[in-house]
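Below is one structure; the comments refer to it alone.
Read-outs throughout are calculated quantities, based only on the coordinates presented, and are distinct from any laboratory measurement. Values in this document were obtained by computation on a predicted structure and should not be read as measured data. All Cβ positions, glycine included, derive from the backbone under ideal geometry; neighbour counts span all protein chains shown.
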Amino acid sequence: MIRQLNQMVADYERGALSRRALLAQLGALVAVGGLGRNALADDDNASSTFNAVGLNHIALNVTNVARSRDFYRKHLGLTVMSEGERNCFLACGKEFVALFQANAPSMDHYCYSIPKYDPDEVVERLKTAGLAPRRRSDRVYFDDPDGLEVQVAATRK
């Protein structure tokens with residue numbers, strides 16, 4: 001896996017891979033390989049704030065929800081979990097892709113699954129780590145170093 005990561009970073013640094021493509025490849029690598037053993041590590045031996053166990057979902061802003069829904073159904077075999085006038089949620093195994101109506105295409109956010117998810121504890125851990133969490137209901141978001149929005153959530157069953 002280290003070789004793959006090094007190659008992805010090298011491709012990105014020489015301009016052969018966009019930031020969006022790099023994130024997509026990293027997400028796929030995480031989904032296939034996982035990131036760690038203990039999702040909410042004990043404080044005395046924690047090497048990271050959390051240890052994600054999978055990529056929960058990716059949320060995309062699209063200019064035409066129906067067209068994007070049909071594309072992902074036709075070319076990737078995703079199935080509709082639910083949809084509304086301005087959104088659609090497509091199942092991909094245990095994970096999903098969320099499509100949101102927008103003026104321009106972009107990634108809205110991406111979400112990692114962590115076991116023992118407790119929004120209050122997540123907010124405190126992120127603050128302790130020097131990050132600025134944003135809580136919306138039972139969902140918690142924070143930015144990566146490039147300003148991309150990251151969410152953590154409970155492990156999907």
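The DSSP beta bridges internal to segment 62-157 are antiparallel in roughly 75% of cases. Using a Förster distance of 30 angstrom, determine the FRET efficiency expected from the C-beta separation of Arg14 and Ser137, and round it to 0.05. The computed FRET efficiency comes out at 0.10. Spin-label model, Lys127/Asn64: points 7 Å from Cα along the beta carbon direction are separated by 4.6 nm. Based on C-alpha pairs under 8 angstrom that are at least 6 apart in sequence, segment 41-157 has a relative contact order of 28 percent. Would you please classify the overall shape of segment 38-154 from the alpha carbon gyration tensor, given that a ≥ b ≥ c denote the square roots of the eigenvalues, rounded means a/c under 1.5, and beyond that prolate means a/b larger than b/c while oblate covers the rest? Prolate, because a/c is 1.5 or more and a/b exceeds b/c.
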